[in-house]
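Only the coordinates and a few stated rules stand behind these numbers; no lab work does. In this text, all values refer to a predicted model and were calculated from it rather than measured experimentally. Every residue, glycine as well, gets a Cβ built from its backbone with ideal geometry; the counts of neighbours run over all protein chains shown.
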Amino acid sequence: MSEQEPTDPGHRRVLIALVAIGMTTFVQLYYPQALIPALSRDFAVDASQAALTVSGATIGLAVAALGWSWVADRIGRARSMTIAIVTAAAIGLALPFVTSFPVLILLRVAQGIALGGTPALALAYLSEQVGRRDAMAAGATYISGTVLGGLVGRLIAAPVADVSDWRVAALVAGGLSALGAAVAVTALPPERPSPATAPPPAGVRAGMVANLTNPGQLALYAQAFFLMGAQVAVFNYLGYRLELEPFDLPPALTAVIFLAGLSGAVSARLAATFAARFGRRRVLLVSSLTMAAGAALTIPDRLPTVLIGLLLFATAYFAAHSIASGWVGPMATSGIAQATSLYTLFYYAGSSLFGWLGGLAFAAGWTGTASMVIAIVLIAYAAARTLLPQSPTVEAKRWSPATSKDASISPQRLI
């Protein structure tokens, strides 16, 4: 069957469905981040426990991503994504009616497991359904949906909770996600037959071993684990901090901190430009140090300094993440699919662990959380400086966008 042209109705259906999937996935995944103070008050739990509403979902997604890939090999990616998104939306509509905090966390883990069937499969599905020449543009469209979903979920949840409570905010987010799921299910076309066959289990194991014994790849997994963990810790608890003295900002106003994430749309592209000129390693190292400096600027009790530090931190994070995630495929000597799956695993594992540990550090005040963030960013910096190749030609000899099987996968596919 011929590849779909960008003007074909089937092509448009693919894009509409995947934007809807990206939006509903990231609305559900991150809207509780804006509700952590409200959840803490309602259930009488501390910040680290309330943050489990985010970490529980991300750890569920991390552990389920490889499993969903296995399911998709057997029943198809379109059917797998449909099951995943509908299940996640159904759980989301039940969350506002939960009265037990442990049950709430268990349902968020279950929702994360369901959501694992979307980021793990969406771009693979997309690259098979549109022509290779259009895959980058189509991938960028999907990524826009994920960014918008994460931002909308956070920005809607906080103001709604401020004028009512977190349950109403969760119901609004759940309703929005259910609408997105309905659009996705309606628009998502069955996948076209592919001549490619799934690799045998031995190949999967060999690919995982090859990547887990590659020092450069381990350095990139460290970036995913520590830098994503730092980012989630900052956005989990900075809003909490701004509601306390000496700032005393209302929740609806603290939600604007999530707008700092929009800087990633610019910094990720600039990072690619700088990497072409100065090398990936150098840009990654500078970005990591800039993240640490931005986190340090958030420590003083001065709102302008906090906001400048946050913007600097977020801008540098998306630059670093863009470089690291885009380097995984070129760094792999074999098992590229396993390499990117492992990056996903470490990415969400770091989000889950440090999203929780940041709350424990917050018991000592924001200085405790910021100090933890600086420390783990510097660990990522040390891993990159020690293990990554210094010559930009190392990966160029092994891989180029024109020949790579993964050339259609955007380096910013994870948000």
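Observations
- Per residue, the convex hull volume that the Cα atoms of segment 57-96 enclose (Å³): 55 Å³
- Extension gain for the segment Leu262 to Asp46, taken as residue separation times 0.36 nm less the Cα-Cα distance, is 74.8 nm to one decimal.
- Rg over Rh for segment 10-50 works out to 1.33, using Cα positions for both radii and the Kirkwood form for Rh.
- For segment 22-97 versus segment 356-373, the spacing of their alpha-carbon centroids is 24 Å.
- Protection proxy ranking, peptides 156-164, 318-326, average beta carbon neighbours within 10 Å, highest first: 318-326, 156-164
- The order of the peptides 34-40, 17-23, 94-100 by mean Cβ neighbours within 10 Å, most packed first, is 17-23, 34-40, 94-100.
- Charge tally in the Cβ shell below 12 Å around Pro250, where Lys, Arg are +1 and Asp, Glu are -1, Pro250 excluded: -3
- Estimated distance in nm for a label pair at Val209 and Ser164, the labels positioned 7 Å out from Cα along Cα-to-Cβ: 5.5 nm
- 3J(HN,Hα) couplings calculated from phi for segment 309-315 with the Karplus curve 6.51 cos²θ - 1.76 cosθ + 1.60 (θ = phi - 60°) are, in sequence order, x, 5, 5, 5, 4, 5, 4 Hz; Gly and Pro show x.
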